[in-house]
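Beneath this line is the structure, given in structure tokens, with notes to follow.
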Amino acid sequence: KGLRVSDKGYLNTAVMRSEITFIDGDAGVLRYRGYPIEQLALHSSHLETAYLLIYGSLPSQPQLKVWEDEVMHHAVVHADAEQFFRSFRYDAHPMAILTSAFAYLGSYYSEANPSLQGQSLYTKGSPESFAVMDKQIYRLIGKATTLAAMAYRVRQGRNFVTPPTGLSYTGSFLYQMDYLGEENYKPNPVLEKALDVLFLLHADHELNASATTVLQTGSSLVDPYSAIAAGCASLYGPLHGGANEAVIRMLISIGSPANVPAFLEAVKKREKVLSGFGHRVYKTSDPRSFIVRKTADEVFRVTGKDELLETAMALHEAAMKDEYFIKRRLAPNVDFWYVFTSRLLPCKLNCSVLRSGLIYRAMGFPLDFFPVLFAVPRVVGWLAHWRQMMLQPGGVKIWRPRQIYVGETKREYVQSMNAL
Ligand code: CMC
């Protein structure tokens, strides 16, 4: 009574106050805790930015050292997890594996579970409760790369690699992906740095579908592993994190620049989707897409260019001139350029040997791994939002929207003939 469905898709509903990320979609502005994304991409690192997003200010040098050590120290997962990963089919989607792996991880840490430890575990504000919260944050960020690399290697039929010591966050990730037993193997530093920038750019994006899912799930006071698994599931969809995979599939289906006009006509008739374009908040270019494009150029210098790039350029150029897209203010989002970089970053074979797009495709990350490359850094943003909600003044209120029931009114049960 008195309810009305007013905002399908939450176009204009603010569900909380937040101090984490600011977006001005009309001006193309993105700031983490007040710092412009361009400055962070240029001067900071993914882990330093992670600290900023989660705790609210940039760390001092000693704080950064402790933070990096804690995260990297927690990268190792229990040896029994190998069995869990081996239980998936050889062709399982890596996002299905990663989503399950986050939930699985929670089963190891009963001290992190408010169902077992008391529902005020994270909301007490006591030093003990902060310590428990910090520990889960270290674990989730530290192990995200390990779980992702395990999801990758299990499908390749390879052995798992113990996270190395002495490498950066992305260096360790690339190592765990690529290592094939060579002595003194180190990932390519240009690619390691490029991936770090990409991770930083993907660390948070305020209340997108997955962050909202983490909060919605976390509002029942479930443990953070389950909340992150829920966020990861939400990210999997093609309108969100799955868009980077969809972009490449789209470009492969277009085939060549000559086919771009026909493809755009089909988009305008709503027969096809132009993946990697459009955004709920940005009505001009996504500021991250400029940084990603620059990063892509650096990567291309190491790896050579992808042959799909020409089709992408032609598509970009044609869409930006077309009245349909101009009127709707549709511009490339982060996924559009990102895919070229992530497509070229993977396995070492790619980086050292490959010089042609054809071989990139044969040897690169599988397309369906792209959303994983989005999920791993986004764990940071999910945790920042989750922590902020746990500590908000007045405690957590369960997120429970209302509906307007429009189904049948009361009916009398009649037993079906089949059931007799
Ligand atoms: N191609 C063609 N038309 C589009 C597109 C697109 N990619 N995106 C929006 N439109 C049209 C839409 O049909 C609508 O037209 P009309 O007013 O005539 O009905 C108009 O533009 C407004 O779009 P909307 O559907 O109201 O926008 P939304 O805020 O609900 O959806 C979106 C945002 C990102 C889901 C959508 O733009 C989309 O589906 N994009 C393609 C998928 C994609 O690239 N997703 C990644 C987003 S960025 C990273 C992330 O958040 O994960």
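Odds and ends about this structure:
- Based on Cα contacts under 8 Å between residues 6+ apart, region 126-224 shows a relative contact order of 18 percent.
- Projected label distance in nm at Trp399 and Asp26, using a 7 Å step from Cα toward the beta-carbon: 2.7 nm
- Distance between the modelled labels on Glu310 and His73, one decimal in nanometres: 5.3 nm (7 Å Cα→Cβ projection).
- Most mobile of Leu116, Leu198, Leu47 in a GNM of the chain (Cα contacts under 10 Å): Leu116
- Pairs of Lys in region 232-325 closer than 19 Å at Cα, counting only those 8 or more apart or on different chains: 6
- Candidates Asp223, Asp368, Asp322, ranked by Gaussian network fluctuation over the chain, Cα under 10 Å, top entry: Asp322
- The chain, relative contact order in percent, only Cα pairs under 8 angstrom and at least six apart counted: 23 percent
- Kyte-Doolittle mean at least 0.0 and Cα axial length at least 20 Å: DSSP H helices in the chain: 370-390
- Gained length - His43 relative to Tyr324, 0.36 nm times residue gap less alpha-carbon distance: 97.4 nm
- Listing Val77, Val29, Val5 from fewest to most neighbouring C-beta atoms within 10 Å gives Val5, Val29, Val77.
- Sorted by Cβ density within 10 Å, fewest first, the residues Trp399, Trp382: Trp399, Trp382
- Every Cα-Cα pair in the chain was counted, and those over 30 Å apart are 44% of them.
- q = 0.10, 0.11, 0.18 Å⁻¹: log10 I(q)/I(0) that the Debye formula gives for region 198-324, counting C-alpha atoms only: -0.41, -0.50, -1.10
- The calculated 222 nm mean residue ellipticity attributable to helices in the chain amounts to -16500 deg cm²/dmol, summing -39500 (n - 2.57) over DSSP H runs of n ≥ 4 and dividing by all residues.
- Charge dipole magnitude, Cβ of K and R +1, D and E -1 - the chain, Cα centre, debye nearest 20: 1140 debye
- In the chain, taking the dipole from charged Cβ atoms about the Cα centre, the farthest positive-side position among Tyr236, Leu195, Gly278 is held by Gly278.
- For Val29, distant residues with modelled amide H under 5 Å away: Asp24
Quick note: the coordinates plus some simple rules give every number you see, no bench work behind them. All values reported here derive from a predicted model rather than from experimental measurement. Here Cβ is always computed from backbone atoms with ideal geometry, including for glycine, and neighbour counts include all displayed protein chains.
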